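Peer 1: Dropping the structure in here first, questions after.
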Amino acid sequence: MSIGAQPEQAEFMDNWSRVRGRLRAEFGDATFNSWLKPLNLASVSGERTLITVPTRFMRDWVVNHYYDRIRELWLAECPKARRVDIVVRATDRPLAGMRPGADAGRREPPAEDAKAKPAEPKDRRQEDDEPLLDISAPLDSRFTFDDFVVGKPNELAYAAARRVAESDRVSFNPLFLYGGVGLGKTHLMHAIAWHLRGRNPDRKVVYMSAEKFMYQFVRAVRFKDTMAFKQRFRSVDVLLIDDVQFIAGKDSTQEEFFHTFNALVDQNRQIVISADRSPSDLDGIEERIRSRLGWGLVADLHPTDYELRLGILQTKAETSGADRVPRRVLEFLAHRITSNVRELEGALNRVLAYHNLVGRPITLETTQEVLQDLLRANDRRVTIEEIQKRVAAHYNIRLSDMHSARRARAVARPRQVAMYLAKQLTSRSLPEIGRKFGGRDHTTVMHAVKRVEELRETDSGFAEDIDLLRRLLES
Ligand code: ADP
Ligand code: MG
């Protein structure tokens, strides 16, 4: 089938434009224009097809979201093709006006490109463009707004993040997001960056950890390159710095960070900062910096609540195609893994992995078995005494009735509720729980748990009561 080079080229270009047409039809104009239009068919040689994109973040995004489809469509056009590679090459882009040189070591491996188009001289502009792209850390393709589940604990942070991502004016500067480990700070920052880049690929959006910022700064100092360092940062449109608590105590980094920060604010550029605590609690960071960080909007991510955890699990279970996870198991996980979302995800993944490996259906029992260690570590700090107190107050009975032998429904039912919650929220065994309720037998506790479960099914008012109590105890 070897025909002359020219006609073959033309044929490839036809094939390619059909693929592009399909992509546009399937993904819509907006997506196509932002992400797929810039793709360029660079070469077809033997089994290998090379497609180029102008920037690394586009490559990452395209590969993560559209690669399979692109490949499929291309193979349909060119059955001879086996391999489809998407690589970065900035040839189609106008000059980004960045400082030339620097950082040759961390550029995209050039070998691939060189092989594909040996005749083409290396484009000078690519070298100009790379350093800026380089200072931004790669973004995780799963961390988008669409994948972020919103609930009471994170709604303010989410709304603020969206505002920053969607508006062209600087709304509040900086946006300061803070909260404990694994509550979604990094996720939101990536989501902002994705969104901004999606809307306008020419915006210079730089995301990095404060640690990386420090590392780059220290390096610049060592190589007497601080002017360039400053220059690079100060031409950024939107700067997102993650985990800023990291520069606490590092005086010179702090100083440089502050200068960069001020320079960007003066030029009306948007800044987003995250930390594990509020600006005023950032010990080891100079007072004037701390107070400056609090000038914009400070939004905190609260610890998750049950609803949010369940929502996240449902979303994750759906997206990973795991509709085989029974709702009871999801509920169980949402109750028991309360530390943070990362652990919650980890727990779900473990259950799924087990299921895939062993091939047995997922049940509450296997879940408990697989997650034993995690469950122990997540054991609630809530005590049986607290449960008894809270339940007694709720049903307006005396605390002593939790231990008494009285069997009147008015006290027996709340007592059963308390036993049920003790079983659900603590890791105490049935006999231990029994002892705490006036030395009752473990079968009594078992009966209570069963009874409450039955009532929950049939009486929605009762079920709401239980959920309310549980939330109160968990918070
Ligand atoms: P942080 O930076 O606050 O320590 P991350 O943003 O890294 O936390 O989040 C930890 C994990 O939990 C990530 O995989 C993230 O996608 C997930 N996650 C956190 N909050 C949510 C949420 N509200 N919806 C979906 N996933 C979430
Ligand atoms: Mg983080």
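Peer 1: Grab the Cα-Cα distance for S429 and S404, subtract it from 0.36 nm times how many residues apart they are, and report the gain in nm with one decimal.
Peer 2: Working: separation 25, 0.36 × 25 = 9.00 nm, distance 2.04 nm.
Contour length minus Cα-Cα distance gives 7.0 nm.
Peer 1: Identify the residues of the range 425-469 with backbone N under 15 Å of a label point that sits 7 angstrom from the Cα of E331 along the Cα-to-Cβ direction, or state none.
Peer 2: 425, 449-469
Peer 1: At 0.36 nm per residue, and after removing the present C-alpha to C-alpha distance, how many nm does the segment from A25 to R163 gain when stretched out fully?
Peer 2: Details: separation 138, 0.36 × 138 = 49.68 nm, distance 2.98 nm.
Gain on stretching A25 to R163: 46.7 nm.
Peer 1: Still on this structure: Angle check, please: helix 155-166 long axis (alpha carbons) against the longest principal axis of the chain (alpha carbons), in degrees 0 to 90, nearest 10.
Peer 2: 10
Peer 1: Lysines within cross-link reach of K389: Cα-Cα under 25 Å, excluding same-chain residues under 8 positions apart?
Peer 2: Candidates past the 8-residue exclusion: K423, K436, K450.
Peer 1: To continue, here is another question. Determine one quarter of the surface area of the Cα convex hull of the chain, which equals its mean projected area, and express it in nm² to one decimal.
Peer 2: Working: hull surface 116.5 nm².
Mean projected area for the chain: 29.1 nm², to one decimal.
Peer 1: Here's something else I'd like to know. When a/c is below 1.5 the answer is rounded, else prolate if a/b is larger than b/c, else oblate, so apply that to the range 372-412 with a ≥ b ≥ c taken from the square roots of the Cα gyration tensor eigenvalues.
Peer 2: Details: a/c = 3.54, a/b = 2.62, b/c = 1.35.
It comes out prolate by the Cα gyration axes.
Peer 1: Would you give the gap between the C-alpha center of the range 290-350 and the C-alpha center of the range 239-271, rounded to a whole Å?
Peer 2: The distance from the Cα centre of the range 290-350 to that of the range 239-271 comes to 30 Å.
Peer 1: May I pose another question? Students often check this: by mean Cβ neighbours within 10 Å, which of 351-362, 270-281 ranks highest, and how do the rest follow? Before the final figure, lay out each step's value.
Peer 2: Values: 351-362: 13.4, 270-281: 20.2.
Top to bottom by mean Cβ count within 10 Å: 270-281, 351-362.
Peer 1: Related question: Would you list the P(r) distribution for the range 140-240, with all Cα-Cα distances sorted into 5 Å bins from 0 and each bin expressed as a whole %?
Peer 2: Distribution as computed: 2, 11, 20, 22, 17, 13, 8, 4, 1, 0 percent.
Peer 1: Once you have a ≥ b ≥ c as the square roots of the Cα gyration tensor eigenvalues for the range 385-459, tell me rounded if a/c is under 1.5, and otherwise prolate or oblate according to whether a/b is larger than b/c.
Peer 2: Numbers: a/c = 1.31, a/b = 1.03, b/c = 1.27.
In terms of gyration-tensor shape, rounded.
Peer 1: Exceeding 25 Å between C-alpha atoms, which entries from my cross-link table qualify? They are K230/K250; K152/K250; K185/K224. Intermediate results must be reported in sequence, preceding the final value.
Peer 2: On the way: K230/K250 18 Å; K152/K250 35 Å; K185/K224 34 Å.
Violating the 25 Å limit, Cα to Cα: K152/K250; K185/K224.
Peer 1: Within the range 424-462, find all residues whose amide N lies under 13 Å from a label point positioned 7 Å from the Cα of V382 along Cα-to-beta-carbon.
Peer 2: 424-428
Peer 1: Which peptide among 176-185, 400-409, 453-462 comes first, and what is the full order, when sorted by highest mean count of other Cβ atoms within 10 Å? Spell out each step's value before the answer.
Peer 2: Numbers: 176-185: 22.1, 400-409: 13.3, 453-462: 11.8.
My ranking of the peptides, most packed first, is 176-185, 400-409, 453-462.
Peer 1: Grab the Cα-Cα distance for W295 and N396, subtract it from 0.36 nm times how many residues apart they are, and report the gain in nm with one decimal. Mind dumping the intermediate values first?
Peer 2: Values: separation 101, 0.36 × 101 = 36.36 nm, distance 4.64 nm.
That works out to 31.7 nm of additional length.
Peer 1: If I take all pairs of Cα atoms in the range 306-376, what percentage of them are more than 18 Å from each other? Can you show the working numbers first?
Peer 2: On the way: 635 of 2485 pairs.
Beyond 18 Å sits 26 percent of the P(r) for the range 306-376.
Peer 1: Still on this structure, I have one more. Given the options I397, H335, I241, identify the residue whose Cα lies farthest towards the positive end of the charge dipole of the chain (+1 on Cβ of Lys, Arg; -1 on Cβ of Asp, Glu).
Peer 2: I397
Peer 1: Calculate how steeply helix 124-135 sits against the longest principal axis of the alpha-carbon atoms of the chain, using the helix alpha-carbon long axis, and give the answer as 0 to 90 degrees to the nearest 10.
Peer 2: It works out to around 20 degrees.
Peer 1: Please report the relative contact order for the chain, taking Cα pairs under 8 Å with a sequence separation of at least 6, and give it as a percent rounded to a whole number.
Peer 2: Working: 632 pairs, mean separation 50.2, N = 475.
Value for the chain: 11 percent.
Peer 1: Once the Cα atoms of helix 341-358 and of the chain are each reduced to a long axis, what angle between those two axes, in degrees from 0 to 90 to the nearest 10, is obtained?
Peer 2: 90
Peer 1: Would you please classify the overall shape of the range 220-356 from the alpha carbon gyration tensor, given that a ≥ b ≥ c denote the square roots of the eigenvalues, rounded means a/c under 1.5, and beyond that prolate means a/b larger than b/c while oblate covers the rest?
Peer 2: Working: a/c = 2.93, a/b = 2.37, b/c = 1.23.
Here the range 220-356 falls in the prolate category.
Read-outs throughout are calculated quantities, based only on the coordinates presented, and are distinct from any laboratory measurement. All of these numbers come straight from a predicted model, not from anything done at the bench. All Cβ positions, glycine included, derive from the backbone under ideal geometry; neighbour counts span all protein chains shown.
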